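Working notes for the structure below.
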Amino acid sequence: MQVSMTVNGVAQEADVDPRTLLVHFLREALDLTGTKIGCDTSQCGACTVHLNGKVLKSCTLLAVQADGCEVTTIEGLAEGGEHHPMQTAFWENHGLQCGYCTPGMIMASAAFVRDNPGASEAEIRHYLEGNICRCTGYHNIVKAVKQVADSAAGA
Amino acid sequence: MTTRIFGSGIKRREDPRLITGEARYTDDIKLPGVLHMAVVRSPYAHANIVGIDSSAAEAMEGVVAVFTGDDVDLAGIPTAWLIPDSDLKTPEHPALAKGKVRYVGDGVAIVLADDRYRAQDAADAVVVEYEELPAVIDPEEAAGEGAPLIHDDVEGNIAFRWVMGDRDASDAVFNSADVVVSERILQQRLLPTAMEPRSAMAQYNAATQELTLWCTSQNPHIHRFIISAVTGLNENKVRVIAPEVGGGFGSKIPCYPDEALVSWAAIKLGVPVKWTETRSENYLITIHGRDHVQHVEMAASNDGKLLGVRATVYAGMGGYLSTAAPGIPTILHGLLYVGPYTMDSVFCESIGVMTNGTPTDAYRGAGRPEATFLLERMVDNVARAIDMDPVELRRKNLIPAFEDGYEVATTLIYDSGDYPTAFEKALDMAGYSDFRQAQANALASGRYLGIGVTAYTEMCGLGPSQVAGAVGFQGGLWESATVRVTPTGKVQALIGASPHGQGSETTLAQIIAEELGFPVDDIEVVHGDTTETPMGWGTYGSRTTPVTGAALAHASRKLKDKARVLAAHLMEANVDDIEYADGSFSVRGSPDQAQSIQDVALMAHLAWNMPEGMDPGFEESQFYDPPNFVYPFGTHIAIVEVDAETGEVELQRYIAVDDCGPQINPEIVAGQIHGGVVQGAAQALCEGAIYSDDGQLLTGSMMDYCMPKADMFPNFELGETVTPSPHHPVGVKGVGETGTIASTPTVYNAVLDALAPLGVKQIDMPLTSAKVWGAIQAASANGGGN
């Protein structure tokens, strides 16, 4: 089945098995392996991308359902060779260890803060319920996201 | 002098590739023509295999081959920790089941296809006829009369029986003690859940007979010799690469059937073969942790002197003995029974029991959380029995500060410790003296606050290898490292250990930077490839910083000695007149004459002008066998509130004071503690693998297994004390597991403290709201608190 979408600003076209999950399409067909798979029940959030600017777990959608959409993955988050502020904040605040949940965490957090500048710590913790990390105990992830949220609010 | 790099919380050198998605984990690596392997797995916990019909699967589009246990000529997967004097049985563990399956998930056949979806479809089309047998999951039940026999050659399902201490001596202490408290403690099964599922890909070159295996491993050199042993390939023809690895927590130590099967299939078919587990598959087949039923007693005097502890432990091994499994509920468990206390009598009988569960093995802390929990639980029980404040009881029994060696009743010699200082610091941070009043006030208004205080020490950075041999570990416990400096003065440090999230590329670079004065950004730490790196035993047991770090410190010092002699020669000075500071060698009294470490490295490579007898090059290696374990310690405190109407527990504050010696990178240390605390607290509060009576894993996905989430925790309050290890070249101790070891009893005891006024004395973990609510109702029916 023919599918076309714009991924990280590049038009992509492919013939896919209709049952192909978007995450497998990104990883296998486009070799965008930054998007990870950590579960098979849409709990962990490692596969989080942006679809038409909205946060989406790419294991919950078939590739064909994304036909005509704009997709941004972790590989497309940086602009002009500069890290996105959320990437910088994760690095500065030690918001990652093994790094496997990190692309999904950053994608989810970047969109959350864009939509909720000035979010409180409690709001951040509540929002991150959909992204699971086994290494950090969330402490430094929350710190990183809060730093960007404060900065986005002009604090 | 510039700011010291040692002790600085610099940003991690690993992170640029991780925050951009550029890192390559095993499943991210592609090879042309790769076949995908799917495994047909048993849906029964215990059954005879009557027949396998793979004809339908073989006819499916894209399917290249289907193989069963009869086709696969691999040696059995070995157990590598052979506990002596324990009547250990090591039942055969074939890579694919032959005749019988022993847990849900046991592999029965493999399918190779050109696409991962097609491989899975075909696996589903393999028809296996089973004759179901009675199954047993609970280890105590499995060791009892009439339990179904899981392996014909493991009588009574008892794989080993390990005894520590003298039973008669223990009886004498317990029979004459003022107070004896007891409890049956369940250390529930936990699912390690490294966020990256396990994956393996193999490629075989028939002309050179070389096998390359990329896999999710904490110890590629161990994987290499096990794969060599099971495939029959010479070890020097096997290259194991652990690329980026997304967490392990012990679950990526063992060599599993899957790694052996992709290797075998790649050799058999002559094309690369890849396998990546799904999360649901991970929960069925990747090792589980804990699974103890413990019968524990502690003896004390009426005035609060702890006299002894003893336990009978039934440790569930699952359907097969995993790589290190026998060592976990024995050596890594019983030897910690004294903890930080002056207690003279210890006794442990640990019975390893085969069950129809997933095999168990080392999971973060590995035996030590199970020991620390029982100890701290019993100390709280003694406090209650003699009506003494649990903090006062601990204070009375802590071992006083010592700097160089303290032998305890388990025969361990703790390296250094100052438990009282860490204890008092944590109590100050928590405001303990005020808390008891606040708790009483809250209770008066119907609110249930509780506090849990854990004093702990633990053993990590295991060694020397002589001890490994004495306790049956089929390997050494040293590490090796090479510090290689290029002609332009850049450093490659090659290590045998294999970090997978710990930040060791940064921490170890800081050690080298401190020793030799190279900028930390000029130091790359290379790991994870058996061809590129020297032999090492792997990253687990909080050993990489203490053991590999020591190897690197020594190798760096050898280089510095060479540099000093060469610098003296180049500056035509006496070696004794050479002064070193911040990567520069100068002649005493002539400060303008200097040679930087980079200058010296270049001249060592050029070798135009070497001192008599000095070899060219600028590279040194060190094998380092630690003289003793290291013993980090500390005190953790949790404050909780329990909603008595719903049973819900709110973790309000968590204070952790840990002492791992001098901290090389305090931010990385803090991260290890944060993560460890959440893992341990989650055991107390929500995690637990649940099986049905017939051996089906009911918590078989992330929908059913309660992983800790961000909104369950407060920000953590960390403090530290610094007590160097006397035997380590830079004084450091491991810190990878302390959080997990200390936090489970801390949170558990806090909840039980909150529930004490309601008359609740014990609840099996995890303390879910349903269980807490049920316990409150049951206690209330029994007359409630006093």
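The values are calculated or read from the model by the stated rules, or taken from the named source; none is laboratory data. Treat the numbers as computed from the prediction; the structure is a model and nothing was measured. Don't worry about glycine lacking a Cβ; one is built from the backbone with ideal geometry, like all the others, and counts go over all protein chains shown. What goes into the accessible areas is simple: the full protein's heavy atoms, side chains included, and nothing from ligands, DNA or RNA. Shrake-Rupley method; radii C 1.70, N 1.55, O 1.52, S 1.80 Å.
Matching residues to (1) open to solvent by less than 20 Å² (accessible area, probe 1.4 Å); (2) within 14 Å of chain A (Cβ to nearest Cβ); (3) among the polar types (S, T, N, Q); (4) under 30 Å from B:Leu697 (Cα atoms):
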residue	(1), (2), (3), (4)
B:Phe6	no, no, no, no
B:Arg12	yes, yes, no, no
B:Pro16	no, yes, no, no
B:Ala23	yes, yes, no, no
B:Val34	no, yes, no, no
B:Val40	yes, no, no, yes
B:Tyr44	no, no, no, yes
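Which ones in the stretch B:488-497 are farther than 16 Å from B:His605 by Cβ and assigned to a strand (DSSP E or B)?
Once the filter is applied, which keeps residues that are farther than 16 Å from B:His605 by Cβ and assigned to a strand (DSSP E or B), the stretch B:488-497 yields B:Ala493, B:Leu494, B:Ile495.
Name the residues in the stretch B:691-703 that are open to solvent by 60 Å² or more (accessible area, probe 1.4 Å) and either touching a residue at least 12 places away in the same chain (Cβ under 8 Å) or not in a loop (DSSP other than H, G, I, E, B) (or both), would you?
B:Asp693, B:Asp694, B:Gln696
Which condition does B:Gly661 not pass, out of (1) surrounded by 24 or more Cβ atoms within 10 Å (Cβ to Cβ); (2) at negative phi; (3) part of a loop (DSSP other than H, G, I, E, B), if it passes all the others?
Of (1) surrounded by 24 or more Cβ atoms within 10 Å (Cβ to Cβ); (2) at negative phi; (3) part of a loop (DSSP other than H, G, I, E, B), only one is false for B:Gly661: (2).
Okay, residues lined up against (1) open to solvent by 10 Å² or more (accessible area, probe 1.4 Å); (2) among the aliphatic types (A, V, I, L, M):
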{"position": "B:Gly319", "(1), (2)": "no, no"}
{"position": "B:Ala324", "(1), (2)": "yes, yes"}
{"position": "B:Thr330", "(1), (2)": "no, no"}
{"position": "B:Gly339", "(1), (2)": "no, no"}
{"position": "B:Thr342", "(1), (2)": "yes, no"}
{"position": "B:Cys348", "(1), (2)": "no, no"}
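So which of A:Ala108, A:Ala119, A:Ala152 ends up being more than 10 Å from chain B (Cβ to nearest Cβ) and under 16 Å from the mean Cα position of the chain (by Cα)?
From the options A:Ala108, A:Ala119, A:Ala152, the qualifying one is A:Ala108.
Suppose we filter the stretch B:710-730 for residues that are within 13 Å of chain A (Cβ to nearest Cβ) and open to solvent by less than 50 Å² (accessible area, probe 1.4 Å); how many remain?
4
Looking at the stretch A:77-92, which of its residues are open to solvent by 10 Å² or more (accessible area, probe 1.4 Å) and either under 22 Å from B:Glu196 (Cα atoms) or of a type in the set (A, V, I, L, M) (or both)?
The answer is A:Leu77, A:Ala78, A:Trp91.
Inspect the stretch B:471-487 for any residue being part of a loop (DSSP other than H, G, I, E, B), free of Cβ contacts under 8 Å to residues at least 40 places away in the same chain and surrounded by fewer than 21 Cβ atoms within 10 Å (Cβ to Cβ) and give the result as yes or no.
Checked the stretch B:471-487: no residue is part of a loop (DSSP other than H, G, I, E, B), free of Cβ contacts under 8 Å to residues at least 40 places away in the same chain and surrounded by fewer than 21 Cβ atoms within 10 Å (Cβ to Cβ).
With respect to B:Ala656, is the statement that it is surrounded by 24 or more Cβ atoms within 10 Å (Cβ to Cβ), outside any helix (DSSP H, G or I) and of a type in the set (A, V, I, L, M, F, W, C) true?
Yes, satisfied.
Within the group B:Lys268, B:Lys274, which residue is assigned by TED's automatic domain parsing to the domain that holds B:Tyr256 and assigned to a strand (DSSP E or B)? Please lay out each step first, then the result.
Details: B:Lys268 fails: assigned to a strand (DSSP E or B).
Testing whether each residue is assigned by TED's automatic domain parsing to the domain that holds B:Tyr256 and assigned to a strand (DSSP E or B) leaves just B:Lys274.
Yes or no: the stretch A:56-65 includes at least one residue that is over 25 Å from A:Asn8 (Cα atoms) and out of contact with any strand residue (DSSP E or B) (no Cβ under 6 Å at 6 or more places or on another chain).
No, the stretch A:56-65 contains no residue that is over 25 Å from A:Asn8 (Cα atoms) and out of contact with any strand residue (DSSP E or B) (no Cβ under 6 Å at 6 or more places or on another chain).
Could you identify the single residue in B:Gly671, B:Gly736, B:Gly680, B:Gly676 that is within 14 Å of chain A (Cβ to nearest Cβ), crowded, with 24+ Cβ neighbours inside 10 Å and touching a His at 6+ places or on another chain (Cβ under 6 Å)?
B:Gly671
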